[in-house]
Each structure stands twice: as structure tokens, then as C-alpha cells.
Amino acid sequence: MSSKSVLTNAIDPRLIQSIFGGRPTLARFISVSEAIYATRASNYALLTLLVWDMIITFPREIEVVWKSKWTVVKVLFLLNRYVTPWFMAAHIWALSGRAVGLSDKRSDESESKRVG
């Protein structure tokens, strides 16, 4: 089974309807599936490039950044350098379909507690 067919089977038809509006068709479903596949693939590639850049520039970073005095610019650089990959990884995980508990729907139990 190809990765595209696995991806296509995993997408809720209501998602396609909310994206395109109207009655979902097979062509629209395939189009959205391909767009999601391309987005996921590019996210993985970009995270890989970011980590690769961090690895190859780390010796220079130690020499230039870590040995310098602490300034606002240094703190901003380090935050951007080390927080960004974590947010990218969290973003990829949330969009992967493997994230649990990230639904915007409420369960019947929580709804009854809220009302009653």
C-alpha cells in the first residue's frame, strides 16, 4: 500500500468539506490529501535542515557566541536558536495525526459537567 493511499484513508471527509465547502468529491479529497502529504514532507525536510545547520555551525557558535558577554542580542539569538526546533517538532507532531487529546471537540462527559 502506498503512502498516499494510507494518508488518504486517514483523512476525515468532514475536513475536506470544511476546506472546500460544498459536497466533497474524490478529486477534492485527493487534492487535499496531496497537499497535506506535501506539507508534512516539507516540515520534516525543514526540521532536518535546521538541525543539520545547528550541528555544523556549533563549533563556530561556541567560539563566537558562548564566549562573548551576555547581552540582549545574545539571549535572543540563543532563544531563537534552541527554542525554534522544539516548536517545529511540536508542530510536526501535532499535525502528524499521532497527537492524542488535541481535538477541538468536547466529550459528552465534559459537556454535561459544564451544563449541569
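The values are calculated or read from the model by the stated rules, or taken from the named source; none is laboratory data. It should be emphasised that the depicted structure is a prediction, and the values quoted were computed from it without experimental measurement. Every residue, glycine as well, gets a Cβ built from its backbone with ideal geometry; the counts of neighbours run over all protein chains shown.
Would a scan of the stretch 62-76 turn up a residue that is over 22 Å from the mean Cα position of the chain (by Cα), assigned to a loop (DSSP other than H, G, I, E, B) and modelled with pLDDT under 70?
Applying the first criterion (over 22 Å from the mean Cα position of the chain (by Cα)) to the stretch 62-76 yields 62-76.
After this cut, where a residue has to be assigned to a loop (DSSP other than H, G, I, E, B) as well, the list is 67-71.
This time we only want the ones that are modelled with pLDDT under 70, so: none.
Within the stretch 62-76, none of the residues are over 22 Å from the mean Cα position of the chain (by Cα), assigned to a loop (DSSP other than H, G, I, E, B) and modelled with pLDDT under 70.
Taking the condition over 21 Å from the mean Cα position of the chain (by Cα), assigned to a loop (DSSP other than H, G, I, E, B) and at pLDDT below 95, does ARG23 pass?
Details: over 21 Å from the mean Cα position of the chain (by Cα): yes; assigned to a loop (DSSP other than H, G, I, E, B): yes; at pLDDT below 95: yes.
It is true that ARG23 is over 21 Å from the mean Cα position of the chain (by Cα), assigned to a loop (DSSP other than H, G, I, E, B) and at pLDDT below 95.
If you take the residues in the stretch 77-99 that are among the aliphatic types (A, V, I, L, M) and within 17 Å of the chain's Cα centre (by Cα), which one is nearest to SER33 (Cα to Cα)?
LEU95
Name the pairs: first residue in the stretch 88-106 and within 19 Å of ARG14 (Cβ to Cβ) and modelled with pLDDT of 85 or more, second residue assigned to a helix (DSSP H, G or I) and among the basic types (Lys, Arg), Cβ to Cβ under 7 Å, at least 6 apart or on different chains?
That search, which allows pairs on different chains as well, returns nothing.
Name the residues in the stretch 77-100 that are surrounded by fewer than 10 Cβ atoms within 10 Å (Cβ to Cβ) and part of a helix (DSSP H, G or I), would you? Spell out the reasoning first.
First pass over the stretch 77-100, keeping only residues surrounded by fewer than 10 Cβ atoms within 10 Å (Cβ to Cβ): 80, 86-87, 98, 100.
Within the stretch 77-100, ASN80, TRP86, PHE87 qualify.
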